[in-house]
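Trainee: Take a look at this one; I'll ask things after.
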Amino acid sequence: MYTTLVRRINARRNIIVFFVITALLIGAVLLLITTDAFDQKPIMNTPPENALYLDSTQPIDVRVADLLSYMTLEEKIGQMILIEKNSIHDLRTISDFKMGGLLSGSGAKPEVNSIAGWKQMITHYQKQTEETRLAIPLLYGSDAIHGHAHVPGATVFPHAIGLGATNDPELVERIAEATARELTATGVNWNFAPNLDQPEDIRWGRVYESFSDDPARVSTLGIAYLKGLQEGDAPVLATAKHFVGLGSMEWESSFNKNFKIDQGKVPADETLLRAQYLPPYQDAIDAGALSIMVGLNAWGEKKMVLQKELLTDVLKKELGFKGFLVSDWYGVHEGRKNIFWATVSSVNAGVDMLMLPFDYQTFMWHMKVANRLGLVSDERINDAVGRILYAKFALGLFDTAEVEGEIGSARHAALAREAVAKSLVLLKNEGVVPIDPATPYIKVAGSAADNVGRQMGAWSVEWQGIDGKTPAKGVSILEGIESVVSDATVVEYDREGLFDSNRRAAIGIAVVGEGPYAEGWGDNANPTLSEEDKLAIRNLQAQCDTVVVIIVSGRPLILNDIETYDALIAAWLPGGEGGGVADVLFGTKPFTATLPLPWPASLSQLPISHDGTTADGTKALFPRGFGIIK
Ligand code: BGC
């Protein structure tokens, strides 16, 4: 018994000793690979005053190689992280961590959300890089997906779906150029646009961010947008997104428990990949895309950030993409449960810049450890950083004198108004439209008639948008109508269509639609009109000879009583210039737009594949390309 007891004690002691020694060993290894004593500092290479990378006459490849040759591991890793401005509480963080990229996610605004506030904030960030040894300028990114709409005072253009309806690349290029000028005016040098997704299910909350479900239209307009951003008088870096297949996720396949389809699975279909999803990216690359965002979706069962074949073999090698791949919001951490392995796998799969908005310290530590352990090679890091620097040189960040930009100007407002007029699709017209501006009495109703926030949709001041009064600059559709009718015309408005006077009107205008939403929060099992709006239409129908229904929405809605409408117009999310709606409604300008995607008749038709085939084989209410030209 005594000997058994002694054996047990010895066994337990051995286990404890074993664990202590192992822990000490692991600790020692980690200390060795992360401690500054083993960093490259002793061999830090100081660039001469006439270093090649500073010479703008040198080819970009030469400048990149030269700059890379002076950089330490930490400096390189600093270029690979993209963090949100809200995680900077002290300016010195930028120089201490040698950061290369910051972003304003939708909630990240300066303390005072104004044009001057933005400019001052970004100037301070940019200045802080001068405190670092190599003074590499920052990329500052934002989602100016329909103008620099988070900034009150900026011009708010129609969302991409409306631009898709115009099918007018020349107009789209001018809008992107104007957006670049507005961004430049506040110091933002990077826009997370154009969007090259192809939505085939209107239940998805991001339909309106896309131009069309037609790869050809997406290509044409995507390239126009990209060129407008990068080649105008105030160039900013464009990002084609979201690679790849976004828009074809299956309903209820989302990895996010709050969502239904956003961040879901795209069936891994090689034929569709080649025929449908890749062509717009190939075109964007050929047109000079230097940044592409990797989607939060999965291709088959595997998250996009882990898809080495698609990211490295197809996109970089086969399609010849020379720019950098940026992951989407925490996308890398969603790749695997363990975030260290998630980081290692994503970088090895081909992700060059990681949008880990609040986790820069962990990332930097992980990357250092991974490199020291040989899990992420020097070559991979040099390749990633080289690609990021390439974009910075190409954008002229090291050379060009500051360009002023232009924001909220009258000419930008006129351009937005032109775009609105060109984006309205006339779907039904029983001889009502255009309305005579001299009509004596017009009744207006509906949730979107006097609601600038609703007509702007999401990504406007707030990520999820604002339903109603907004600090953003804009003219409501009601105000637009009032501004184009004759002086003698009486326009009466009530949101619900309940008017004091019983006087019958020749014309009723119902401006109805959806409240704002962004991303998966807009996934909707039954996108249709609200009961409130249906009632407003019925109230108008009871008091007016004819009623025009204008739908303000981010997607086609399922309509059950279209036969009762005298005219139907899809206005998408027109943005700040409600006057553009009035221009076509009252005949100052013609209707020229066409549907950028099919308009389904029922939920059972969803999804509708890119060739127009509905899920139940019946005919869509209106096919893509439909629109009465008048
Ligand atoms: C979206 C991207 C966007 C990014 C940065 C993500 O949630 O999916 O489209 O560019 O946030 O704001």
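Trainee: Taking segment 139-173 as the region of interest, how many residues are away from the ligand (no atom under 16 Å from the Cβ) and under 30 Å from ALA51 (Cα atoms)?
Mentor: Residues in segment 139-173 being away from the ligand (no atom under 16 Å from the Cβ) and under 30 Å from ALA51 (Cα atoms): 0 in total.
Trainee: Another question, if that's okay. Test ILE223 against the criterion of being aliphatic (A, V, I, L, M), part of a loop (DSSP other than H, G, I, E, B) and under 18 Å from the mean Cα position of the chain (by Cα), and give yes or no.
Mentor: Working: aliphatic (A, V, I, L, M): yes; part of a loop (DSSP other than H, G, I, E, B): no; under 18 Å from the mean Cα position of the chain (by Cα): yes.
No, not satisfied.
Trainee: Quick one: would you say LYS76 is buried (at least 20 other Cβ atoms within 10 Å of the Cβ), on the phi > 0 side of the Ramachandran plot and away from the ligand (no atom under 16 Å from the Cβ)? Step through it out loud before you land on a result.
Mentor: Numbers: buried (at least 20 other Cβ atoms within 10 Å of the Cβ): yes; on the phi > 0 side of the Ramachandran plot: no; away from the ligand (no atom under 16 Å from the Cβ): yes.
No, not satisfied.
Trainee: So which of LEU290, LEU319, LEU296 ends up being within 27 Å of LEU395 (Cβ to Cβ), touching a helix residue (DSSP H, G or I) at 6+ places or on another chain (Cβ under 9 Å) and in contact (Cβ under 8 Å) with a residue 60 or more places away in the chain?
Mentor: Answer to the check: LEU290.
Trainee: Restricting to segment 85-106, and then to whatever is assigned to a helix (DSSP H, G or I) and of a type in the set (S, T, N, Q), can you tell me which residue is nearest to the ligand (Cβ to nearest atom)?
Mentor: The residue in question is ASN86.
Trainee: Applying the selection to segment 490-511, what residues are under 17 Å from SER476 (Cβ atoms) and surrounded by fewer than 23 Cβ atoms within 10 Å (Cβ to Cβ)?
Mentor: If the condition is that a residue be under 17 Å from SER476 (Cβ atoms) and surrounded by fewer than 23 Cβ atoms within 10 Å (Cβ to Cβ), then VAL491, GLU492, TYR493, ASP494, ARG495, GLU496 are the ones that fit.
Trainee: Then there's this: Which residue, of GLY453, GLY474, GLY457, GLY468, is closer than 26 Å to ALA601 by Cα, modelled with pLDDT of 95 or more and of a type outside the set (D, E, K, R)?
Mentor: GLY457
Trainee: Does segment 107-126 include one or more residues that are farther than 21 Å from VAL461 by Cβ, assigned to a helix (DSSP H, G or I), modelled with pLDDT of 95 or more and touching a Pro at 6+ places or on another chain (Cβ under 9 Å)?
Mentor: yes
Trainee: If we only count strands (runs of 3 or more DSSP E) wholly inside segment 228-345, which ones have 3 or more residues that are within 13 Å of the ligand (Cβ to nearest atom)?
Mentor: 240-243, 291-294
Trainee: Conditions first: (1) assigned to a loop (DSSP other than H, G, I, E, B); (2) surrounded by fewer than 24 Cβ atoms within 10 Å (Cβ to Cβ). PRO574 passes all but one, so which condition is the exception?
Mentor: Unmet for PRO574, out of (1) assigned to a loop (DSSP other than H, G, I, E, B); (2) surrounded by fewer than 24 Cβ atoms within 10 Å (Cβ to Cβ): (2).
Trainee: Oh, and also: Would you check which residues across segment 502-539 are outside any strand (DSSP E or B), away from the ligand (no atom under 16 Å from the Cβ) and in contact with a Phe, Trp or Tyr (Cβ under 9 Å, 6 or more places away or on another chain) and list them?
Mentor: Within segment 502-539, the first condition is being outside any strand (DSSP E or B), and the residues that meet it are 502-504, 514-527, 529-539.
Adding the requirement that they be away from the ligand (no atom under 16 Å from the Cβ) leaves 502-504, 514-515, 524-527, 529-539.
Hits for segment 502-539 are ARG503, ARG504, ASN524, ALA525, ILE537, ASN539.
Trainee: Output the number of residues of segment 185-220 satisfying the condition of being more than 12 Å from the ligand (Cβ to nearest atom) and either in a loop (DSSP other than H, G, I, E, B) or under 23 Å from SER553 (Cα atoms) (or both).
Mentor: Count: 21.
The values are calculated or read from the model by the stated rules, or taken from the named source; none is laboratory data. The shown structure was predicted, so the numbers you read here are calculated from the model rather than taken from an experiment. Here the Cβ is made from the backbone with ideal geometry for all residues, glycine too, and neighbour counts use every protein chain on show.
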